[in-house]
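Right, one structure below, let's go through it.
Just so it is clear, none of the values below were taken in a lab; they were calculated from the coordinates. Here the structure is a predicted model, which is why all the values come from computation and not from measurement. Virtual Cβ from ideal backbone geometry, glycine too; neighbours counted across all protein chains shown.
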Amino acid sequence: MQPLISLAADKRGLNASSSTFATSSMVQRLAYGPRFSSTLLKTTSWQNANINPEVAMREIVVSGNIRKGSTDYSGLLMAHGNKSNGYAVYFKDGQVYFLINRDGKQYSIRNTQPLPAVFALKASLEKNGRMRLFLDNKEVALINKVPLFTTEFETTLRTALENKSGENRAADFEKEFPFNGSFSNLRLETLAIDKLPTDKIAKIDQTIILKVVKDVMRFDKETLKVKAGSTVQIIFQNPDFMQHNFVLAKPKTLEIVGAAADRLAQDPGGIKLHYVPRIPQVLQATPLVNPGGNHVLTFKVPDAVGDYPYVCTFPGHWRIMKGTMQVRND
Ligand SMILES: [Cu+2]
């Protein structure tokens with residue numbers, strides 16, 4: 001099937017759409033709260049091997065800084081998903097392409113002017129059906145009526161080359177189609193369009209920022225103090241080089257949850273569960289959060305006072321990456 005290609009930029013330009021997710025500032029994005037997700041993509045495909053962000057019913061923005069190599073731009077910058085449902089940003093014959101595969105149908109846009117040696121790239125799929133390409137924040141291509149994805153992908157993300165085979169490739173690229181330039185701060189950002197259930201947007205009594213400490217496999221806070229029965233929001237940030245999660249457990253169950261995490265580490269299906277044991281001792285958990293990513297967890301604190309352990313259940317972490325949530329009445 002021939003891809004639909006649009007060369008015309010939207011004449012309305014950016015002013016008519018300054019409030020969309022695709023063109024919002026970082027401050028505006030953070031204000032989206034738990035609907036917003038940001039993943040920093042590493043420079044090689046193997047470093048991204050387990051990265052598979054949620055895309056269903058989400059607006060999608062890929063952005064990054066691009067630098068030309070010694071020859072004309074060519075190769076895959078990033079891809080996620082497969083030939084039936086997936087998307088890719090790649091360079092060919094010196095131009096940049098944004099491709100979306102949607103239930104087997106291809107949508108593709110590209111720039112027409114020569115690319116600068118250094119530029120900021122942005123590609124977006126938006127809830128109003130717009131698929132757009134920006135160079136240095138100027139819109140250079142657009143097509144309409146491209147539907148959001150409705151299911152999550154089986155095929156994980158890759159950057160800098162296509163390392164998947166057969167139907168798991170994003171397109172019929174020539175072999176690995178390695179990118180011949182360089183890039184930095186390449187991000188995949190998504191925004192869930194669904195309204196959150198009302199129980200999740202209940203008044204938040206307390207917001208806690210919990211970070212992973214870089215390089216030492218620890219949380220930056222080993223004690224959290226919360227009020228029994230209150231609603232708390234934990235903004236879990238991971239500036240580390242590897243994945244981590246946050247798992248809250250019932251009092252005095254640290255060893256049980258840890259042992260279950262050890263078993264999951266040996267289980268080939270563990271990664272799909274984000275290494276979170278499916279046992280009643282686990283009360284709350286984030287998914288695995290990628291390097292540079294974050295996750296917002298909002299929940300009602302138990303009514304029973306006590307010391308609730310929290311851990312990271314990524315294989316090998318729980319014995320040292322842990323803390324205690326002190327639930328009190330005052
Ligand atoms: Cu960890």
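Please order 80, 317 by the number of other Cβ within 10 Å, starting at the fewest.
On the way: 80 26, 317 22.
By the 10 Å Cβ count, ascending: 317, 80.
In whole percents, the pair-distance distribution calculated for segment 86-162 from its alpha-carbon pairs, binned every 10 Å from zero, is 17, 50, 29, 4.
When the Cα positions of 44, 108, 80 are compared along the charge dipole of the chain, 108 comes out farthest toward the positive end, with charges on each C-beta of Lys, Arg, Asp and Glu.
For the listed peptides 106-113, 120-127, a ranking on the average number of other beta carbons within 10 Å per residue, highest first, reads 120-127, 106-113. P(r) for segment 32-174, from all Cα pairs and a bin width of 5 Å, is 2, 10, 20, 24, 22, 15, 6, 1, 0 %, short bins first. Rounded, prolate or oblate: which fits segment 94-138 when a ≥ b ≥ c are the square roots of the eigenvalues of the alpha-carbon gyration tensor, with rounded for a/c under 1.5 and prolate only if a/b beats b/c? Oblate is the answer for segment 94-138, as a/c is 1.5 or above yet b/c matches or exceeds a/b. Other residues lying with their Cβ under 11 Å from the Cβ of residue 287 contribute a combined charge of 0, Lys and Arg counting +1, Asp and Glu -1. Reported to the nearest whole Å, the Cα centre-to-centre distance from segment 58-85 to segment 201-268 is 33. As a rough guide to protection, the peptides 90-97, 204-211, 278-285 ranked by mean Cβ packing within 10 Å, highest first, stand as 90-97, 278-285, 204-211.
Shape summary: segment 129-224 maps onto an equivalent ellipsoid whose semi-axes, from the alpha-carbon gyration tensor, are 34, 24, 17 Å in decreasing order. The angle between the Cα long axis of helix 254-266 and the longest principal axis of the Cα atoms of the chain comes to about 40 degrees, rounded to the nearest 10.
Scanning residues 5 or more positions from residue 321 or on other chains, those with amide H under 5 Å from its amide H are 312, with H placed 1.01 Å from N in the peptide plane. Enter the Cα centre distance for the pair segment 90-117 and segment 119-145, rounded to the nearest angstrom. Between the Cα centres of segment 90-117 and segment 119-145 lies a distance of 11 Å.
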